[in-house]
Amino acid sequence: MADWRYWTSRIARHQAGLSAVNGRKKSKQLSKLYRIRKNRFRHAVAAFARQPVKNLYREGVSSIIIGEFTGIRINNEHGRQGNAMVHNYWSHKHLADRLKWTAEEYGMKVPTISEAYTSQTCPWCRSCHSQCILRSFRCLDCSLETHREAVGLLNMDARCGGYAVRPMIWPMLLHWDGCGSNRNNGMPTQQRIKVEA
């Protein structure tokens, strides 16, 4: 994201210079900056998709479920940087396609499932009476308390007709350093009930 912002600011500076000097809107240098930004983004997506798929293949995973984000851009207001990310940087279809192509190279299936209401339904008792505060989920009927991403994952897996075979843990955050992604847990160290299917 920082790399995207850097190249976007260079593009904006160049566009401002073009319009101030001679009123033009296009130049070879501007086209080159756009091309650099696009190629760096595509390289980051390709590298980001390959490493997790390789690790999952090594662990014996046979399918990867991708969530569908239809309508994510409609009626959303996330501030200046959030809007720039959702409307300009966010490319879910490109990332999902790249992940599918990479997984198919390893012989994995990649279904796409709607994510609607997956993090609000309890995976144990199927109740919709839940309380979601920040990233935590608490079922008011069976008192299950865990991370919302783990709940969403289990419900998406159930929609796909399967079941998770391993206990769910905190989601891992990956930090892109320009060449690869570094693991960083970044999650709070609270004790939670581990969800097991």
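The values are calculated or read from the model by the stated rules, or taken from the named source; none is laboratory data. Values in this document were obtained by computation on a predicted structure and should not be read as measured data. Backbone-built Cβ (ideal geometry, glycine too); neighbour counts: all protein chains shown.
In table form, for the structure just shown:
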{"read-out": "Only one of Ser114, Ser91 that is surrounded by fewer than 16 Cβ atoms within 10 Å (Cβ to Cβ), in contact (Cβ under 8 Å) with a residue 12 or more places away in the chain, within 18 Å of Leu153 (Cα to Cα) and among the hydroxyl-bearing types (Ser, Thr, Tyr)", "value": "Ser114"}
{"read-out": "Residue in the range 76-92 that is closer than 16 Å to Thr8 by Cα and either among the basic types (Lys, Arg) or at pLDDT 85 or above (or both) present", "value": "yes"}
{"read-out": "Number of the exception - Arg5 against (1) under 28 Å from Leu95 (Cα atoms); (2) at pLDDT 85 or above", "value": "(2)"}
{"read-out": "Which listed residue is farther than 20 Å from Trp101 by Cβ, surrounded by fewer than 13 Cβ atoms within 10 Å (Cβ to Cβ) and under 21 Å from the mean Cα position of the chain (by Cα), from Ala16, Ala2", "value": "Ala2"}
{"read-out": "Test: residue in the range 53-70 that is without any contact (Cβ under 8 Å) to a residue 24 or more places away in the chain, under 28 Å from Leu154 (Cα atoms) and not charged (D, E, K, R)", "value": "yes"}
{"read-out": "Every residue from the range 19-44 that is surrounded by fewer than 16 Cβ atoms within 10 Å (Cβ to Cβ) and of a type in the set (A, V, I, L, M)", "value": "Ala20, Val21, Ile36"}
